[in-house]
Amino acid sequence: MPDRTFFPWASVLRFGLGHLRLPPDAFWRLSLTELNALAGADARPETTTRTSLQALMALYPDSRAEPAQHMRKDLADDR
């Protein structure tokens, strides 16, 4: 049996009927292209690619220091 939960129906209905305040008959007549246009799908940021992720990782490398090291001194003072 196919998984029918893949499409986010609850979110789409909430957006169309609640946010856009479309009447149900107008909502159900929309094509996916029209719904994407109403949702501002063209204004979404680009999908992250491996190349763009590697560029971000090069700009913002992870630190080799232990995390929250600045907190340890504060905790030691409270003892």
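Mind listing the Cα extents of the stretch 9-57 along all three principal axes, in Å, largest one first?
Reported extents, whole Å, longest axis first: 46, 18, 15.
Quick one: length gained pulling S11 to S31 fully straight, 0.36 nm per residue minus the C-alpha distance? Working shown, then result.
Numbers: separation 20, 0.36 × 20 = 7.20 nm, distance 1.63 nm.
Length difference between fully extended and current span is 5.6 nm.
Any read-out appearing in this document is the output of simple, stated calculations on the displayed coordinates, not a laboratory observation. Treat the numbers as computed from the prediction; the structure is a model and nothing was measured.
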